[in-house]
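S.K.: Can you read through this structure? Questions will come right after.
Read-outs: derived from the displayed coordinates by stated rules, not from any lab. Quick caveat: nothing in here was measured; it's all calculated off a predicted structure. In this analysis, Cβ positions are derived from the backbone assuming ideal geometry, glycine residues included, and neighbour counts consider all displayed protein chains.
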Amino acid sequence: MRNRNFRLRIVATLVYAFLYIPLVIVVAYSFNNSRLNAEWVGFTLFWYETLFNNKEMLVAARNSLIIALSASILATALGTMAGLAIHRYKLKVLPIIVLSPVATPEILLGVSLLLFFLQVLNLTLGMISIIIAHTTFCIGFVAIIVRSRLQGMDWSIFEAARDLGASPWQCFHLITLPLIMPAVVAGALMSFTLSIDDFVITFFTKGVGEPILPIQIYTMIKTAVTPEVNAISTLLMLLTLAMIIIATKLDSGVLRGEVSR
Amino acid sequence: MRVLFLMIKENTNGNRTAKWLMIGPPLLFLLIFFVVPSLIMIVTSLRYPGEFGGLAPIITPAGKVSDGYGLTLEAYQFLLSNSLYAEIFLKSFGVAAVTTLICLIMSYPLALLITRSEKRFRNLMVLLVVLPLASNFLVRIYAWMIILGPESPLSHLINTILSVLGVAPLTLLFSPFAVLVGMVYVHLPFMVLPLYTNLEKHDPVLLDAAQDLGATSWQRFWKVTWPLSLPGVFAGSALVFIPVLGMFAIPEMLGGTGDILIGNLIKDQFLGTRDWPFGSALSIILTLAVLSIAGLTAWFTRQSGGMKYAE
């Protein structure tokens with residue numbers, strides 16, 4: 001048995017190394033005083049300086065933030081409703097429609113939305129089309145998070161509230177909402193990171209106008225690879241990492257609070 | 001009694017409003033922005049392409065009904081007429097299958113070790129598998145462009161060894177090998193998670209019983225653990241296979257000119273040559289492939305689940 005676990009441990013270590021070495025390399029080279037991602041020459045913050053002087057990159061970052069904020073607010077509102085509805089009412093259609101965009105390969109979502117925006121809505125592609133597209137697939141994620149929180153709850157507290165004369169609205173904003181709030185916020189943070197990181201769907205629904213962060217990174221990688229890409233990658237990584245840590249802390253943290261209550 | 005009846009009635013009315021307030025907005029949004037676009041894609045695949053890309057107009061600028069009016073199977077016929085497209089589909093399935101297999105081989109020992117670890121380490125070990133997903137998808141591919149690039153230490157090392165052996169130097173980047181590495185790297189966590197969730201639920205008593213009955217560790221794995229883990233294996237495989245099938249960014253960034261998969265073909269029809277009907281037809285075929293894989297997975301899972309009770 002010990003021998004077996006020993007072999008497993010070697011494989012597991014190699015898998016973890018495979019997962020993390022590439023990311024460490026990206027971060028390390030962002031501080032490297034060389035134009036090439038090859039040899040370690042010396043420490044510098046030059047690439048971050050270049051990045052913050054890159055006007056187009058700053059505009060792209062601003063645009064991406066606006067898109068991620070709008071999409072996550074929309075998706076959180078709609079996804080919370082969907083999560084509640086799926087949990088509360090035994091419906092067949094809603095879960096399928098809500099969860100399908102999560103399971104569909106992104107390219108298919110991108111293509112169908114592109115055709116829809118151009119043919120039916122006659123919309124000029126841009127920020128609006130990207131926000132709608134991102135909301136479409138984020139709704140499912142929020143719904144999953146909200147529903148899984150509801151699953152652990154005792155439904156009789158809602159019935160008790162209703163028996164004691166609470167209106168449906170009172171019941172919702174005095175009991176349901178506070179209880180699911182951590183899941184709602186976690187869902188919002190997840191949506192934000194999914195939106196700001198999304199490349200494929202953005203690529204199809206972006207149009208030609210405004211620069212968007214992932215597209216900007218893509219163009220940089222395809223044309224001139226400099227450690228500036230490493231610098232923006234590192235910053236993005238920090239941002240999403242922080243978001244995800246906050247999200248998990250929120251959900252489990254309040255869970256603990258509930259037990260003590 | 002009447003009062004009670006009225007109360008119930010009012011109650012259900014209130015509930016019905018609440019119900020549609022909850023269901024309505026998300027349902028409407030997704031009907032408009034997910035279901036309708038999917039239907040549009042089907043219709044587009046049946047239309048005539050425009051002369052300069054896009055679709056043929058239904059009404060010509062002169063005000064007459066154009067020849068492009070109506071539906072056609074042209075796009076699908078074109079798809080079937082050239083064996084090149086069948087080859088690309090086959091190659092995509094091949095890449096997806098190999099990626100899934102490599103992910104499974106790498107993930108299984110890891111998932112097994114996590115379940116055998118002490119409880120307090122398990123969450124951390126799982127978190128460490130998922131965390132790379134928090135970094136941008138492009139960044140993860142870019143990392144491999146650095147590692148496999150011609151100036152990288154790895155390339156230097158391999159080519160030094162090869163030159164000592166008298167073999168011509170290799171280019172790692174822009175090759176099918178690089179595409180495969182990228183695919184495995186990006187999708188690996190999706191295999192580990194369902195595997196771990198499944199393995200964690202196994203009752204250790206079963207393994208003890210098998211050992212008491214004289215089964216070797218190898219037999220215990222293949223006769224107990226592996227068959228019980230099949231639902232996890234299928235779930236993980238679907239989660240890897242399906243996104244790999246539609247991937248276009250990894251072949252584009254890590255592959256050479258010949259490493260074209262379905263995703264690249266579809267992308268080119270919309271952002272390159274602009275043949276919308278053909279691009280939509282390709283997307284429809286991809287959708288059908290995805291749906292059948294999902295269906296097969298569900299079927300296999302039920303089969304393997306049923307076996308457990310039969311034995």
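S.K.: Work out the length of the dipole vector of chain B about its Cα centre, built from +1 on the beta-carbon of each Lys and Arg and -1 on the beta-carbon of each Asp and Glu, and round it to the nearest 20 debye. Before the final figure, lay out each step's value.
M.R.: Values: 19 positive and 16 negative charges, 229 e Å.
For this selection, approximately 1100 debye.
S.K.: I'd like the distance separating the alpha-carbon centroids of the range A:58-102 and the range B:18-41, in whole Å.
M.R.: 11 Å
S.K.: Viscosity 1.306 mPa s, temperature 10 °C: give me the Stokes-Einstein translational D for the range A:17-106 in µm²/s, with Rh taken as the Kirkwood radius over C-alpha pairs.
M.R.: Details: Rh = 17.6 Å.
This corresponds to a translational diffusion coefficient of 90 µm²/s.
S.K.: Here's something else I'd like to know. If you take every residue apart from B:Asn136 with its C-beta less than 10 Å away from the C-beta of B:Asn136, what net charge results, scoring Lys and Arg +1 and Asp and Glu -1?
M.R.: Surrounding charge for B:Asn136 is -1.
S.K.: Answer with one residue from A:Leu164, A:Ile132, A:Ile73: the one whose Cα lies farthest towards the positive end of the charge dipole of the range A:47-260, charges on Cβ with Lys, Arg +1 and Asp, Glu -1.
M.R.: A:Leu164
S.K.: Follow-up. Report, largest value first, the span of the C-alpha coordinates of the range B:105-190 along each principal axis, in whole Å.
M.R.: So the extents along the principal axes, rounded to whole Å, are 51, 28, 20.
S.K.: How much net charge surrounds B:Ala210 when only other residues with a Cβ under 12 Å from its Cβ are counted (Lys, Arg +1; Asp, Glu -1)?
M.R.: Values: positive: B:Arg220, B:Lys223; negative: B:Asp203, B:Asp208, B:Asp212.
Residues near B:Ala210 contribute -1 overall.
S.K.: Dipole of the range B:82-310 (Lys/Arg Cβ +1, Asp/Glu Cβ -1, origin at the Cα centre): which of B:Pro132, B:Leu207, B:Ile284 lies farthest to the positive side?
M.R.: It is B:Leu207, whose Cα lies furthest towards the positive end.
S.K.: Grab the alpha carbons of chain A, take their convex hull, and tell me the volume per residue in Å³. Don't skip to the end; give the middle numbers.
M.R.: Values: hull volume 53.9 nm³, N = 261.
Convex hull of Cα atoms, per residue: 206 Å³.
S.K.: Once you charge only the Cβ atoms, +1 for Lys and Arg and -1 for Asp and Glu, what is the size of the charge dipole of the protein assembly as shown about its Cα centre, to the nearest 20 debye? Mind showing how you got there, number by number?
M.R.: Working: 37 positive and 29 negative charges, 317 e Å.
The calculated dipole for the protein assembly as shown is roughly 1520 debye.
S.K.: Could you give the C-alpha radius of gyration of the range B:84-144 expressed as a fraction of 2.2 N^0.38 Å, taking N as the number of residues it contains?
M.R.: 1.55
S.K.: Of B:Trp226, B:Trp144, B:Trp218, which has the largest mean-square fluctuation in a 10 Å C-alpha GNM of chain B?
M.R.: Taking springs between Cα atoms under 10 Å, the residue moving most is B:Trp218.
S.K.: Now, a different point. Run the quick spin-label model on B:Val98 and A:Ile21: label points 7 Å from Cα toward the beta carbon, then report their separation in nm to one decimal.
M.R.: Here the answer is 2.0 nm between the modelled labels.
S.K.: Right, something else. For the range A:121-231, take N as its residue count and report Rg(C-alpha) divided by 2.2 N^0.38 Å. Please list the in-between numbers first.
M.R.: Numbers: Rg = 20.5 Å, N = 111, 2.2 N^0.38 = 13.2 Å.
Normalised Cα radius of gyration, the range A:121-231: 1.56.
S.K.: Also, I was wondering about something else. With a Förster radius of 56 Å, plug the Cβ-Cβ distance of B:Arg120 and A:Ile128 into 1/(1 + (r/R0)^6) and report the FRET value to the nearest 0.05.
M.R.: Numbers: r = 48 Å, r/R0 = 0.85.
Once rounded, the FRET efficiency stands at 0.70.
S.K.: Same structure again: Taking R0 as 45 Å, what's the FRET efficiency between B:Thr17 and B:Leu127 from their Cβ-Cβ distance, rounded to 0.05?
M.R.: Values: r = 42 Å, r/R0 = 0.94.
Once rounded, the FRET efficiency stands at 0.60.
S.K.: Going through the DSSP H helices of chain A, which span 24 Å or more along their own axis at the Cα atoms while scoring at least 0.0 as a mean Kyte-Doolittle hydropathy? Could you put the intermediate results ahead of the total?
M.R.: Working: long enough: A:2-29 (39 Å, 1.05); A:55-88 (49 Å, 1.04); A:127-151 (35 Å, 1.53); A:177-197 (29 Å, 1.68); A:227-260 (49 Å, 1.09).
For chain A, where a helix must reach 24 Å along its axis and average at least 0.0, the hits are A:2-29, A:55-88, A:127-151, A:177-197, A:227-260.
S.K.: Note down the nm distance, to one decimal, between modelled labels 7 Å out along Cα→Cβ at B:Leu80 and at A:Leu58.
M.R.: 5.8 nm
S.K.: For the range B:126-239, divide the Cα radius of gyration by the Kirkwood radius and give the resulting Rg/Rh value with two decimals.
M.R.: Details: Rg = 20.4 Å, Rh = 17.5 Å.
Ratio value, two decimals: 1.17.
S.K.: When Cβ neighbours within 10 Å are restricted to other protein chains, what is their mean count per residue of peptide A:14-20? Don't skip to the end; give the middle numbers.
M.R.: Details: counts 3, 10, 5, 0, 6, 13, 3.
Per-residue shielding by partner chains comes out at 6.
S.K.: Right, another one. From Cα coordinates alone, what are the radius of gyration and Dmax values for the range B:227-311 in angstrom?
M.R.: So, for the range B:227-311, Rg and Dmax equal 17.0, 56 Å respectively.
S.K.: Limiting things to C-alpha atoms, what are the Rg and the maximum Cα-Cα separation (Dmax) for the protein assembly as shown, in angstroms?
M.R.: 26.2, 97
S.K.: May I pose another question? Using a simple charge model, +1 on the beta-carbon of Lys and Arg, -1 on the beta-carbon of Asp and Glu, nothing else, what dipole does chain A show about its Cα centre, in debye to the nearest 20? It would help to have the intermediate numbers written out before the result.
M.R.: Numbers: 18 positive and 13 negative charges, 161 e Å.
That gives chain A a dipole magnitude of about 780 debye.
S.K.: For the pairs A:Lys206/B:Lys19; A:Lys92/B:Lys267; B:Lys119/B:Lys201; A:Lys92/B:Lys201, note any where the Cα-Cα span goes beyond 25 Å. Intermediate results must be reported in sequence, preceding the final value.
M.R.: Details: A:Lys206/B:Lys19 35 Å; A:Lys92/B:Lys267 33 Å; B:Lys119/B:Lys201 13 Å; A:Lys92/B:Lys201 28 Å.
Distance filter (> 25 Å) returns A:Lys206/B:Lys19; A:Lys92/B:Lys267; A:Lys92/B:Lys201.
S.K.: What is the spread of the Cα atoms of the range B:82-310 along each of their three principal axes, largest first, in whole Å?
M.R.: So the three principal-axis extents are 63, 50, 34 Å.
S.K.: In a shell of Cβ-Cβ distance under 12 Å around A:Met81, excluding A:Met81 itself, what net charge do Lys and Arg (+1) and Asp and Glu (-1) give? Kindly include the intermediate steps, with their values, before the conclusion.
M.R.: Numbers: positive: A:Arg88, A:Arg147, B:Lys19; negative: none.
With Lys, Arg at +1 and Asp, Glu at -1, the net is +3.
S.K.: What is the spin-label model distance, in nm, from B:Val205 to A:Glu49 if the labels are put 7 Å beyond Cα along the C-beta direction?
M.R.: 6.9 nm
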